Amino acid sequence: MRISYNWLRQYIDLNNSIEDVAQTLTSLGLEVESIDHLGKKFEGFFVGEVLDSQRHPNADRLKLCKVRVSNEGDPLQIVCGAPNVAVGQKVIVGVVGTTVPHNQHDPGAKPFVLSKVSIRGVESYGMICSENELGIGDDASGIKVLESGAQIGTPLADYLGVNDIALEIGITPNRPDCLSHLGIARDLAAALNTKCISPKVKRFDNPKNSVTELAKVNVLNTADCPRYTVRIIQNVEVKESPEWMKRLLNAAGLRPINNVVDATNFVMLEYGQPLHAFDYDHLAQHTIVVKSADKGEKFTSLDGKVHELSGDELMICDGEKSVAIGGVMGGLNSEISAKTSTVLLEAAYFSPVSVRKTAKRLGISTDASFRFERGIDPNITDEASARAAHLIAELSGGTVVAGIIDHYPKKISEKNIALRADRVNAILGTSLTVQQIVKFLASIGINITPGKEKNEFICSIPTFRPDIDQEIDLVEEVARLYGYDNIENKTSGEVMFSAPEHFEQQVFSVRHWCESNGLNEVLTNSLIDTPTAKIFGSDLVTVKNPLSVELETLRPTLLATMLQTIAYNYNHGVSRLHLFEIGTVFSAAVGNIKSTYIEGYKEKNCIGICLSGESNLLSWHEKQRQVDLFDLKGLVLSLLRGIGLDNSDLIYYNAPTSLTEMTIGVEINNTYIGFLGKVKPESLKKFKIEHNVFFAEIDLDLLTKLQSARSYKGFSKFPTVTRDVSFIVKKSVSVGEIEKVMKLAGGLQVTAVTLFDLFEGPALGEGMKSVAFSLKINSIEKTLTDAEIDSMITVIVQSVTKTFEATLRSI
Amino acid sequence: MLDQKITELQSEIDRILPAISTTDALEKFRIEFLSRSGKLASLYEALKTVPGDQKPAYGQKINTLKKSVEAQFELLKESLQSSFSEQKNDIDITLPGRERPRGTRHPITQTLEHMKSIFVSMGFGIVYGPEIEDDYHNFEALNFAPNHPARDMQDTFFVKDDIVLRTHTTPVQVRVMKSRPLPLRVIMPGRVYRNEAVSARSNYFFHQVDGLYVDKNVTFADLKGTLVTFAKNFYGSDIKYRFRPSYFPFTEPSLEMDITCFLCKGNGCRICKQSGWLEVLGAGMVHPNVLRNCGHDPEKVSGYAFGMGVDRISLLRYGIDDIRIFFENDLRFLNQF
Ligand SMILES: [Zn+2]
């Protein structure tokens, strides 16, 4: 809501600075978002007189002028290119250092700062301006020539009478009463402990209700239109509004149109009551019928748009046709024009819900619908209508027909709400007295009478405050007027302890482990396009009203958007991508998939890890290589151990998942919690990624349900012996199987089996490989003798050679 | 007599020891002064001749000297040995060290973790809720009347007519109030969605932290105290703040909290739109309708609730001017945090 300060001061005496007023408004919940000194953009421009104008010695088209902008000192020498400059003219002069709002020669019309310049060898000390350059008109053909009586040296803002200040105020949806200058003045007056004076509205002494002879009103839908009033103004002359009106409307951000429309807009901004002026002669049978639209009916609104109506819209009709969408917008067929001589003025109270539904459905939001949706005062209608009618008459030379048609079958009266003083203090943590509370409420027009109980009141709520609905709303009013800053910041209280939940702790550990181990955390989009989503998942969840088709489907996995990130970074020259993301993935809960919270939908907290490009940093001590599956496998296992899940197990299977190949399943205590593998080439192609990507996704909801309590186990006090053993086996024999057999054969005394060498070569024979293991052996009971160790090794070697048809290479 | 001997020996050692530059010379020193028959040992011999009552004083003096000499000896020994090995291996120690790749946490996560740690220290637990939410939890239970303009404050993505992508983390308040016993003091972080065009200043999803405290006798003064404590911890103890009345359907009275712009220190700049203030959170007393909807009697218990945007605060915190950069995940960006 844009407020003119000059306008506001018509209703309230304000002696405070604009900053103080702004602060008071903000402390009332009417947040001042900006203060715009309207004359500020004219600073540095003055009225001047052209004393002399000669041809520029070096340029035919330029003139060398002497311009007086002050009664003292020498006139300014200014080079001017305008064709219409002439001696004796009163003109607008910008002096050196001034910012000119629009550069006529710049395609973007950007502002620029005047400096002392030399133009073709002659110094110029300022500029004579056109309307266009100052943004006060469209004429760019030459300089603006002022009337001859203009006083030399007058600042332009004063000359134009632009001394107003506009306040941009953020009005929350609960305060429709403040969508008007009077409403804001009323709240401000309460806070400043002063009076708000409403405008004096003329009334007729003549009791004759002549208007009923000229028009008829028939309201068929009183539910959506509880009140409808009509006044008529005759013999109007539609023309431009006077300066004072145009200035105030402009300051409040509304474009002046003509005196009739301006008067209705003025009263809307004054009282908050939207009004509509019809051309009386265009209303068939001079009748107004308020009813629901016909289904399929087409209606052309004032802005020239054609709307097809559903039948639920409330329409204002004449004897034959629709002439306005009630509370939303008028029609082209009954618009005020230069030919209008009689005005039928509508002032109504429409149901907020009905107006909102109609405005939403038709995709229209107007100053009128905005106010009706939020709820205007149903009992201000008559006064606002009278105010507007007389204003129209005054501005247009017309006459107001005596009387009003007021269709208001069921008066909306003030609500009564009980308020307990103790309750106010209990909620706010204050110790306000009964007198204080009563005074605050009375200051905003609430009438208070004693209630049944002690310290209880009955508050009668004016109809301009539809937001005050129950006791708590009155508590807020008291708090607002007392001042939030005057309420204590209470920092003592009962001690409460919180134990972070296991989920929180584990996710924290996972994230910090990843960070410490060189992974970059990313946060990616939750919505992707449907074709891509289909590559990565099934049972997708889509949004009915997406921003665009690119953002239509909730991600079924973190992989898709992580691949987007990888493609983006490869395109920006990155060659090493080790990323992780912790986030939610979504699917429809169909078949045996269980819903998480909302029936039919499953949400899962996951961590996704992607490795691609170089494995290690470029360095002098180590060759750089590309990541492979074993980088990711080792990383996932280390991560699980790192967060205390020592009993994790990787299950080798090549069951194809939709996302990866060479897939390895991750199990802990026989619970499947995720997988890792190599991203399928088709998926990579989709994102034009030319490198391998290895991806792991682990379900954090499952992971964090697992307990990772560590406990102490005794360890051997006796020395550990290391023995190496190597075999030649068929290539098809997996290392994992050999390890298992060795551990089984060695028993508990073999504490570690580590593969440390693996190679193939012609020397080993076709289809064979060499595998070398380092074994750590010790006993919890004693120091093992060489002979004991030898015999253990023999058992191990025999098992391996027998099971896998392996040959012992060395011990 | 013994006094003099001690002083003499001390100055002799002070003269010789600093001049030693080889391990051989150091070994010679050890034998001469520190061995069993060395000069320090002879002081202990001399101690035997001192009258009984003076023994402790002299003994202490000799001990002090011995300890100091031994310490200097060890230091010198170490430094001689290391310089010796260096010379021998001829290593260029300016070679780069073997660095570990550096990982990062996303700046939004870092902001969120900072917030969480402060609230946890103030006795708040942390709970989560779904991102696909029903109209009841997202709007209705939170006192958003159907067809009320308040719904316009939050443009909504619909999955079905009555299923939405949550527009705020506040529906988790309804879930916890219905499922957990009082007193209840929790924060609820998470991702939320708004059907708004993506621009430098707004994204269609962002992250929020909601907070809730419901108990007997919770007051507006408690709320203000909690918010001030949080803000001073998070933004710095020297910040200035102000509370403004505001409006949310689910709280009454409602407030918004501004702090002085930390970029311009309140003088006005582009970030704070020349106002000198930055809006950092919204809050209020839980509306009695919401308490009732969640099965609590507003005459018996009261509560406060607050909410703040993590992304916007991260923007301000790190001086970032385009919110979209958070989700581009450019490594040149991520590696700055
Ligand atoms: Zn600032």
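Structure summary
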| item | result |
| --- | --- |
| Residue check for A:Glu133: assigned by TED's automatic domain parsing to the domain that holds A:Ser70, under 23 Å from A:Lys90 (Cα atoms) and either out of contact with any strand residue (DSSP E or B) (no Cβ under 6 Å at 6 or more places or on another chain) or modelled with pLDDT under 85 (or both) | no |
| Unique match (being outside the structural domain of B:Phe157 (by TED's automatic domain parsing) and under 30 Å from B:Ser11 (Cα atoms)) among B:Leu76, B:Leu95 | B:Leu76 |
| Residues located in segment A:280-332, provided they are among the acidic types (Asp, Glu) and open to solvent by 20 Å² or more (accessible area, probe 1.4 Å) | A:Asp281, A:Asp294, A:Glu297, A:Asp303, A:Glu308, A:Asp312, A:Glu320 |
| Which numbered condition B:Phe220 fails, given (1) farther than 27 Å from A:Leu523 by Cβ; (2) within 16 Å of the ligand (Cβ to nearest atom) | (2) |
| Unique match (being in contact (Cβ under 8 Å) with a residue 60 or more places away in the chain and either closer than 17 Å to A:Thr264 by Cα or not assigned by TED's automatic domain parsing to the domain that holds A:Ile257 (or both)) among A:Ser301, A:Ser337, A:Ser292 | A:Ser337 |
| All positions within segment B:249-267 that are over 21 Å from A:Thr24 (Cα atoms), among the hydrophobic types (A, V, I, L, M, F, W, C) and more than 16 Å from the ligand (Cβ to nearest atom) | B:Phe250 |
| Subset of segment A:781-795 [in a helix (DSSP H, G or I) and of a type outside the set (A, V, I, L, M)] | A:Asp786, A:Glu788, A:Asp790, A:Ser791, A:Thr794 |
| Close pairs (7 angstrom Cβ cut-off, 6 or more residues apart or separate chains): within 12 Å of A:Arg374 (Cβ to Cβ) in segment B:139-155, surrounded by 20 or more Cβ atoms within 10 Å (Cβ to Cβ) and acidic (Asp, Glu) anywhere | B:Pro149/A:Glu373 |
| Residue in segment A:569-578 that is among the aliphatic types (A, V, I, L, M), buried (at least 18 other Cβ atoms within 10 Å of the Cβ) and more than 7 Å from chain B (Cβ to nearest Cβ) present | yes |
| Selection within segment A:693-718 - touching a Leu at 6+ places or on another chain (Cβ under 8 Å) and at pLDDT 90 or above | A:Val693, A:Phe694, A:Phe695, A:Ala696, A:Glu697, A:Leu703, A:Phe718 |
| Output for segment B:281-297, where each listed residue is crowded, with 19+ Cβ neighbours inside 10 Å and without any contact (Cβ under 8 Å) to a residue 40 or more places away in the chain | B:Gly282, B:Pro288 |
| Sole residue being within 29 Å of the chain's Cα centre (by Cα) and either of a type outside the set (A, V, I, L, M, F, W, C) or open to solvent by 30 Å² or more (accessible area, probe 1.4 Å) (or both), chosen from B:Asn203, B:Asn138, B:Asn147, B:Asn143 | B:Asn203 |
| Within segment A:149-254, strands (runs of 3 or more DSSP E) holding 3 or more residues that are within 14 Å of chain B (Cβ to nearest Cβ) | A:165-170 |
| Selection count, segment B:268-280, where residues are more than 7 Å from the ligand (Cβ to nearest atom) and open to solvent by 30 Å² or more (accessible area, probe 1.4 Å) | 6 |
| Residue check, B:Ala46 in a helix (DSSP H, G or I), more than 30 Å from B:Ser82 (Cα to Cα) and among the hydrophobic types (A, V, I, L, M, F, W, C) | yes |
| In segment B:150-165, residue surrounded by the most Cβ atoms within 10 Å (Cβ to Cβ) [restricted to those that are under 37 Å from the mean Cα position of the chain (by Cα) and β-branched (Val, Ile, Thr)] | B:Val164 |
| Odd one out for B:Phe230 among (1) away from the ligand (no atom under 16 Å from the Cβ); (2) open to solvent by 30 Å² or more (accessible area, probe 1.4 Å) | (2) |
| Qualifying residue in segment A:125-136 (condition: aromatic (Phe, Trp, Tyr), in a loop (DSSP other than H, G, I, E, B) and more than 30 Å from B:Ser246 (Cα to Cα)) | yes |
| Tabulated pairs, segment B:254-270, first of a type in the set (Lys, Arg), second open to solvent by 10 Å² or more (accessible area, probe 1.4 Å) and within 11 Å of the ligand (Cβ to nearest atom), C-beta under 9 angstrom, 6+ apart or interchain | B:Arg270/B:Leu263; B:Arg270/B:Cys264 |
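The values are calculated or read from the model by the stated rules, or taken from the named source; none is laboratory data. As the structure is a computational prediction, the values presented were derived from the model and not from experiment. All Cβ positions, glycine included, derive from the backbone under ideal geometry; neighbour counts span all protein chains shown. Please note that ligands, DNA and RNA were not included when accessible areas were found on the heavy atoms of the full protein model with its side chains. Shrake-Rupley method; radii C 1.70, N 1.55, O 1.52, S 1.80 Å.
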